[in-house]
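The values are calculated or read from the model by the stated rules, or taken from the named source; none is laboratory data. Just so we're clear, the structure is a prediction, and the values are computed from it rather than from any experiment. Cβ coordinates were reconstructed from backbone atoms using ideal geometry, including for glycine residues, and neighbour counts include every protein chain displayed. We work out accessible area using only protein heavy atoms, side chains counted, and drop any ligands, DNA or RNA first. Shrake-Rupley method; radii C 1.70, N 1.55, O 1.52, S 1.80 Å.
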Amino acid sequence: MMKRRQPSWFALSMCVLLAGSGCGDGDGGGGFGAIGGVGTTSIVYVANRGSDDVSGYSINPATGTLAAIAGSPFPQIADPSAIAVSSNGFFAFVTNAGASNAVTAFRVATDGKLLRVPSTQTNPNPASVGMDPVALAVSPNNQFVYVANRGSDTVTTFSIEDAGALTLVPPTGATTNPVSVQGDAPSSMAISPNGQFLYVSSSTSNVITVFQIGASGLLTLVPATGANPNPIPTGGTSPKSIRVSPNGSFLYVANSGSNTVAAFQVGSNGLLTQVPSTAGNPNPIPVGGTVPNGIIVSSNGQFLYSANGGGNVTTFTIGGGGLLTLVPPSSGNLNPVPAGTSPVAVTLSPDGQVLFVANSGGTVSSYTIATSTGLLVPVNPLLGNPFRAGTGPSGIATPGRP
C-alpha cells in the first residue's frame, strides 16, 4: 500500500501565503516560486505543436477577450501534442509526442507564467512515457496524471508530488503500469467527476475502455457484464474526443470519421450503455459539420459543444435522458457558428461563461455563451478575436478542463 502524503494544495497554499518570504524566486530552480491557484485560475493555455511552444493567456470574463501572459509563448517544449491544467491552477502538464515520448510538468506562477518543474534523478522532467503520447488527464483531486500513448496502446499513471514533479506509480500485484487499453491507438481520455473511473477512446478500434481508478491511482479494467461489454463500440468511427457530464450520468464521444456525437448512460459500476434513439433524437447525432475534433459539456450540464475541423462549432441541448438536440438559431445567433481554420480542440473558461476553440491554423476563437439558449456569440473582432496563437495548435486547456 502506498503511503498517503499531505495533499499538494496544503503545501502550495502555504507557499502562496509566504511567497514574499522564502518560498523561492520563481525562476524554475530550487524553491517553489510564486505558485498560482486562487486568483490565477482565469487562464487558458494552447499547445502549439508546429512551433514547439505553449501560448498562455489571461481571460477577461466580462468580455471574453484574451491577453497574452508575460513571457508567452513559453518556448522549447518539444512536440506538444496535448495539455491539461490541474483544477486548482497550480500545475500544467504537456505531452511531448514524436521522438520525445514524454510528459513535461510545469508550475503555474501567480501571473500565469509556466515554470518548468526542476528535474532530479528520482523525478526526471520530462518524464518518459509510452510511444506517441497524445492525450492526458488530471484526476479531480489533483493527485494523479494519466497519459494515453497512441503508439503503444497503453495508459501511464503518475502521482503529482507537492512541488509538481511526476512520479511513476509502482505496479502492485497483477496491476501493471502502464496498463494496456482494450483497443488500438488511444486518442482521448476522460475521468468521472467522482474520480472513480477513467475512460479511454481508441481511434482505430472505435471503442471506449473503462478502467477503475484505485486509491494509489493505478488502473484496473472494469469487468464486463452480460449487458455491458467493456470495451464498448463508440457508435461511429475515429473517436477523437470524449467527455463526461458534470453530474457523472452521461458520457459523450465525438466520432470524427462519421461526423457524429454519441451519448452513453454511465452505470454505477462505470460501464456504458448507448442511450436509445427516440423519434426526432437520433443517437449518434450528426454535428452539422465535418470532423468533430473536440467536445465539451457546459458547467451546468445543459449544453454540449462540438468543435468541428471543417470550420465551425455546434451547440446541442442535453435532454433529461442524455440525448442531444440541435439548438435552433435565434436572434441572429447562428448554429453551427463559424470558427477559425481547422478547429482541433475546445475548452471553457473556469466560470463557464466563455468558450474557446483552438484552430490549427494558428488562432483561438472566443465566444460568450447565451444564458437561456446556450448559443455561442463570437467575441467582437475589434477586440482581437480570433486571438493569435503559435504554429499548429494541437490542444487547449483551462484549470480542470479539458
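What shape does region 98-211 have by the C-alpha gyration tensor, where a ≥ b ≥ c are the square roots of the eigenvalues, rounded means a/c under 1.5, and otherwise prolate means a/b greater than b/c and oblate the rest? Mind showing how you got there, number by number?
On the way: a/c = 1.63, a/b = 1.54, b/c = 1.06.
The shape class here is prolate.
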Length released on extending from residue 325 to residue 273, taking residue separation times 0.36 nm less the Cα-Cα span: 16.8 nm
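So how much slack lies between residue 299 and residue 99, counting 0.36 nm per residue of separation and subtracting their Cα-Cα distance, in nm? The partial results should precede the final answer.
Numbers: separation 200, 0.36 × 200 = 72.00 nm, distance 3.66 nm.
Between residue 299 and residue 99, full extension yields an extra 68.3 nm.
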Candidate values (1) 19.9, 64; (2) 22.7, 100; (3) 21.1, 70, label of the one derived for Rg and Dmax of the Cα atoms in Å: (1)
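Note the full-extension length gain between residue 265 and residue 225 as 0.36 nm times their separation in residues minus their Cα-Cα distance, in nm to one decimal. Don't skip to the end; give the middle numbers.
Values: separation 40, 0.36 × 40 = 14.40 nm, distance 1.49 nm.
The span from residue 265 to residue 225 would gain 12.9 nm if fully extended.
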Heavy-atom accessible surface of the chain: percent carbon and sulfur, 1.4 Å: 56
In order through region 61-75: 3J(HN,Hα) via Karplus (6.51 cos²θ - 1.76 cosθ + 1.60), integer Hz, x for Gly, Pro: x, 6, 10, x, 7, 10, 10, 4, 6, 3, x, 7, x, 8, x
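Starting from the Cα gyration tensor of region 328-375, take the square roots of the eigenvalues, sort them a ≥ b ≥ c, and report rounded, prolate or oblate (rounded when a/c is under 1.5, otherwise prolate if a/b is larger than b/c, else oblate). Walk me through the numbers on the way to the answer.
Working: a/c = 2.99, a/b = 1.38, b/c = 2.17.
Oblate is the answer for region 328-375, as a/c is 1.5 or above yet b/c matches or exceeds a/b.
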Whole-Hz ³J(HN,Hα) from phi, Karplus 6.51 cos²θ - 1.76 cosθ + 1.60, for region 369-382, glycine and proline x: 10, 5, 4, 7, 9, x, 5, 9, 10, x, 4, 3, x, 5
Separation of alpha-carbon centers, region 72-108 and region 185-231, rounded to whole Å: 23
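Explain nothing, just the number: dipole magnitude of the chain about its Cα centre with +1 on each Lys and Arg Cβ and -1 on each Asp and Glu Cβ, in debye rounded to the nearest 20. Please report the intermediate quantities before stating the final value.
Numbers: 12 positive and 12 negative charges, 67 e Å.
I would put it at about 320 debye.
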Residue-wise HN-Hα coupling along region 171-181, computed from phi with Karplus coefficients 6.51, -1.76, 1.60 (Hz; x: Gly, Pro): x, 9, x, 8, 8, 8, 8, x, 10, 7, 8
Charge tally in the Cβ shell below 13 Å around residue 296, where Lys, Arg are +1 and Asp, Glu are -1, residue 296 excluded: +3
Listed residues 379, 129, 145, most fluctuating in the chain (Gaussian network, C-alpha, under 10 Å): 379
